[in-house]
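Everything on this sheet refers to the single structure shown next.
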Amino acid sequence: MIGVAHMHAHSYVQEFQARGIEVVGVYDRNEALSQAFADKYQIPVFNKLDTLLAVPSDSVNICSENVFHKEYALKAFEYKKHVIVEKPMALSTADAQEMVAAGKAAERLLIVAHPVRFSEPIQNLKRVVDSGKLGKLKLINASNHGKNPGGWFIDPALSGGGALIDHTVHICDLVNYLFRIDPQTIFAYAGKSQPEMPVEDIGLIQLTLTDNVIMSLDTSWNRPQTYPVWGDAILELVFEKGQMTVDGFGRKLKVFDDMTNTVEEFFFEESMDSRMIDCFITAIEQGLPSPVSGEDGLYTVKITEAAFQSATDKKIMSI
């Protein structure tokens, strides 16, 4: 494990250990954080990245702050490791392209952790889309709401940005996975619900894509403190012959607790992280292509980068 600042590091290491996959060690630039993680999961801790990478293993899982993704991936490829990297894959198109090239040069897999495409509702949706029963796609109205996660996520020096960075990539990965259509133009708005906030927590994106498809995406974090952490990953799809609405998180029981002023959700479907890790392990062990390739990650990075530029310049951008 390289970097454990992202909360998904806990989910992933639990999935690895549940399958009997040996986690040979953990490194994080924050030694206290890596030590606590190592103690919790009973794995060795390393204070130097090169020392960890020198330990025999076939792959690394990068769950650091976004700004370190490229640096850690390139170093892992130098040691001939397969790389699983948390989303967003990188903070710029140039960095993403460099990561793709390094993986190919090392002849190792670059796998981007986009879990929502593995969820049961999205897999069911893909079967319907691939059947062609509904005809051509016309438009997409989507949202990926969530609660402001705080911490390093709202430090632009570490995250690269707020809601536009964190929540654009999930839905755009689904669009790429389901339809294989390319973005052409984008107009984005970024705002702050509180002036003192260091990053945007409001994001709205308008996209045109190939085949004359149009898309609207709300990426906002600006939700109440009682709002569920994971929010939604909703696709409203209009086709020539029908319409579908799908939440990538699937069926859930929502509990409103007046005693604690909290709202909690319980999900029915199998964990999307679990399904994703199964695919990752199979690809690495059987020498299969990456189930979420570097090119897939690059697709979402291009959109995110253009969204930031559009929001800054307040104009439509070509992608």
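The values are calculated or read from the model by the stated rules, or taken from the named source; none is laboratory data. None of these values were measured; they are calculated from a predicted model. So basically every Cβ, Gly included, is an ideal-geometry build from the backbone, and we count neighbours across all protein chains shown.
Summary of computed values
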quantity: Hey, Leu125 of a type in the set (A, V, I, L, M), in a loop (DSSP other than H, G, I, E, B) and within 18 Å of Asp173 (Cα to Cα) or not; calculated: no
quantity: Residues located in the stretch 136-164, provided they are of a type in the set (A, V, I, L, M, F, W, C), more than 19 Å from Tyr227 (Cβ to Cβ) and crowded, with 22+ Cβ neighbours inside 10 Å; calculated: Ile140
quantity: Pick from the stretch 237-293, criterion aromatic (Phe, Trp, Tyr) and without any contact (Cβ under 8 Å) to a residue 60 or more places away in the chain, ranking: farthest from His170 (Cα to Cα); calculated: Phe256
quantity: Checking Phe187 against (1) out of contact with any strand residue (DSSP E or B) (no Cβ under 7 Å at 6 or more places or on another chain); (2) closer than 27 Å to Ile316 by Cβ, the condition it does not meet; calculated: (1)
quantity: Answer residue from the stretch 1-60, given it is aromatic (Phe, Trp, Tyr) and touching a Leu at 6+ places or on another chain (Cβ under 8 Å) and is farthest from Ala73 (Cα to Cα) among those; calculated: Phe46
quantity: Conditions (1) among the small types (Gly, Ala, Ser); (2) assigned to a helix (DSSP H, G or I); (3) surrounded by 15 or more Cβ atoms within 10 Å (Cβ to Cβ); number of the one not met by Ala94; calculated: (3)
quantity: Only listed residue being touching a helix residue (DSSP H, G or I) at 6+ places or on another chain (Cβ under 8 Å), closer than 26 Å to Ser11 by Cβ and in contact (Cβ under 8 Å) with a residue 24 or more places away in the chain, chosen from Val213, Val199; calculated: Val199
quantity: Total residues in the stretch 247-270, condition assigned to a loop (DSSP other than H, G, I, E, B) and hydrophobic (A, V, I, L, M, F, W, C); calculated: 3
quantity: Hey, Glu71 surrounded by 21 or more Cβ atoms within 10 Å (Cβ to Cβ) and acidic (Asp, Glu) or not; calculated: no
quantity: Those residues of the stretch 38-54 which are over 19 Å from Leu158 (Cα atoms) and either out of contact with any strand residue (DSSP E or B) (no Cβ under 9 Å at 6 or more places or on another chain) or surrounded by 14 or more Cβ atoms within 10 Å (Cβ to Cβ) (or both), in sequence order; calculated: Ala38, Lys40, Tyr41, Gln42, Ile43, Val45, Phe46, Asp50, Leu52, Leu53, Ala54
quantity: Meets criteria (closer than 22 Å to Arg275 by Cα, of a type in the set (Val, Ile, Thr) and in contact with a Cys (Cβ under 8 Å, 6 or more places away or on another chain)) for Val4; calculated: yes
quantity: The stretch 202-238, subset assigned to a loop (DSSP other than H, G, I, E, B) and in contact with a Lys or Arg (Cβ under 6 Å, 6 or more places away or on another chain), residue farthest from Phe153 (Cα to Cα); calculated: Tyr227
quantity: Some residue of the stretch 109-126 being of a type in the set (Ser, Thr, Tyr), in contact with a helix residue (DSSP H, G or I) (Cβ under 6 Å, 6 or more places away or on another chain) and modelled with pLDDT of 95 or more; calculated: yes
quantity: Condition check for Met244: over 21 Å from the mean Cα position of the chain (by Cα), outside any loop (DSSP other than H, G, I, E, B) and not β-branched (Val, Ile, Thr); calculated: yes
quantity: Selection status of Ser57, more than 21 Å from the chain's Cα centre (by Cα) and surrounded by 22 or more Cβ atoms within 10 Å (Cβ to Cβ); calculated: no
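Conditions (1) touching a residue at least 60 places away in the same chain (Cβ under 8 Å); (2) in a loop (DSSP other than H, G, I, E, B), marked per residue:
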| site | (1), (2) |
| --- | --- |
| Gln17 | no, no |
| Phe37 | no, no |
| Glu71 | no, no |
| Lys80 | no, yes |
| Val83 | no, no |
| Ala90 | yes, yes |
